[in-house]
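The values are calculated or read from the model by the stated rules, or taken from the named source; none is laboratory data. A quick note: this is a predicted structure, and the numbers were derived from the prediction, not measured. Here Cβ is always computed from backbone atoms with ideal geometry, including for glycine, and neighbour counts include all displayed protein chains.
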Amino acid sequence: MFTTLVAVIVALALGHVLPAQTAALRGFGWLERWLQWLGGQAGAQGAWQARYGAALVLAPLLLVVLALQWLLSGIGYGLPALLLGVVVLAWMWGPRDLDRDVEALIDADDVHARRTAIAQLQSEGGSLREDVPSLVEAVVVNGLRRWFAVLFWFLLLGPFGAVLYRLLALLAESRLAARLPPENLHGARRALALLEWPVAQLMTLSIALVGNFDTVSRAWRDAHGDRWTLEPGFLGAVARASVSAELREEAHDYTDAGLVPVWRRLPEVRDAMSLVWRVLLLWMVAMALLVIAGWIA
């Protein structure tokens, strides 16, 4: 748990202090080349065309990570394992910096800049529409894919879990998806939904704790989040409802104080980013408490 906490802080710091170097570190051109070579070798038949064909892409890479994780565990007072965890989480975080993308959207002054910023924001998923509710959904969905899912699986499985999620997300939802055969891509997306569903549920609970519990609970049920469907789409509905409720409460507070609220540009998107930050802070506080409890015990 201490490793995870340190790794998250390092990953966030790198994205702000060294954005260009971090973007270069998180380039996955090598994965595209590996896909291209594997597709050429596999041909049009066999496992490459099957639903679980993505395993051919991931298995060799994951075995290397798993071997390193096993070899470094329990040696050097845990320092090599700590270093591996920090490097892997900083590498798999993102790959783009979420709050920088949100700020770029808010600061966009013309149509071209706005569309570029929206494309960057929605690079990891979310609705492709440009209306404000869709942008709110994109912020939270990208929070899941850039931060929370990587963090969740890192907590459960260590570096292996972080690499598994990030590479599967790249195969299923990035431009690399065009290189997969249809059944192969379908299987990758189902596997990704399986990995994201528990994270979306935990994020929903976190949003309820840092926001309006009744509003979130109602939106979660209305979006069928209480059903075992392995579809994390309810998270977008929860985010939209939570942001709307918070802005209404803020406007009401201004009115009660006899003030007129002065809204900055895209307040809904700002509030969505604030919501994501509060959820991340909640997770980090929970991890810190578990670390302290472990030390006391």
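Quick notes on this one:
- Residues (at pLDDT 80 or above, among the small types (Gly, Ala, Ser) and loosely packed, with under 10 Cβ neighbours inside 10 Å) located in the range 26-40: GLY29
- Residue in the range 200-209 that is within 24 Å of ARG96 (Cβ to Cβ), within 12 Å of the chain's Cα centre (by Cα), in a helix (DSSP H, G or I) and free of Cβ contacts under 8 Å to residues at least 60 places away in the same chain present: yes
- Residue match in the range 121-136 (condition: without any contact (Cβ under 8 Å) to a residue 24 or more places away in the chain, touching a helix residue (DSSP H, G or I) at 6+ places or on another chain (Cβ under 8 Å), surrounded by fewer than 22 Cβ atoms within 10 Å (Cβ to Cβ) and among the β-branched types (Val, Ile, Thr)): no
- From the list LEU38, LEU89, the lone residue that is outside any loop (DSSP other than H, G, I, E, B) and free of Cβ contacts under 8 Å to residues at least 40 places away in the same chain is LEU38.
- Filtered residue count, the range 92-120, keeping only those that are crowded, with 21+ Cβ neighbours inside 10 Å, of a type outside the set (D, E, K, R) and in a helix (DSSP H, G or I): 5
- Candidate set: the range 13-33, residues that are without any contact (Cβ under 8 Å) to a residue 24 or more places away in the chain and in a helix (DSSP H, G or I); chosen: the one farthest from PHE148 (Cα to Cα): ARG33
- The listed residue being at pLDDT 90 or above and either under 22 Å from VAL136 (Cα atoms) or surrounded by fewer than 18 Cβ atoms within 10 Å (Cβ to Cβ) (or both), out of TRP263, TRP277: TRP277
- Picking from residues in the range 235-248 that are surrounded by 13 or more Cβ atoms within 10 Å (Cβ to Cβ) and farther than 15 Å from SER134 by Cβ, the one that is modelled with the highest pLDDT is SER242.
- Scope the range 41-87; condition over 25 Å from VAL6 (Cα atoms) and surrounded by 15 or more Cβ atoms within 10 Å (Cβ to Cβ); matching residues: ALA42, TRP48, GLN49, ALA50, ARG51, GLY53, ALA54, ALA55, LEU56, VAL57, LEU58
Yes or no, residue by residue, for (1) in contact with a Lys or Arg (Cβ under 6 Å, 6 or more places away or on another chain); (2) closer than 19 Å to PRO267 by Cα; (3) polar (S, T, N, Q); (4) modelled with pLDDT of 90 or more:
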{"residue": "ASP101", "(1), (2), (3), (4)": "no, yes, no, no"}
{"residue": "GLN122", "(1), (2), (3), (4)": "no, yes, yes, no"}
{"residue": "ARG129", "(1), (2), (3), (4)": "no, yes, no, no"}
{"residue": "GLY158", "(1), (2), (3), (4)": "no, no, no, yes"}
{"residue": "VAL163", "(1), (2), (3), (4)": "no, no, no, yes"}
{"residue": "LEU170", "(1), (2), (3), (4)": "no, no, no, yes"}
{"residue": "LEU176", "(1), (2), (3), (4)": "no, no, no, no"}
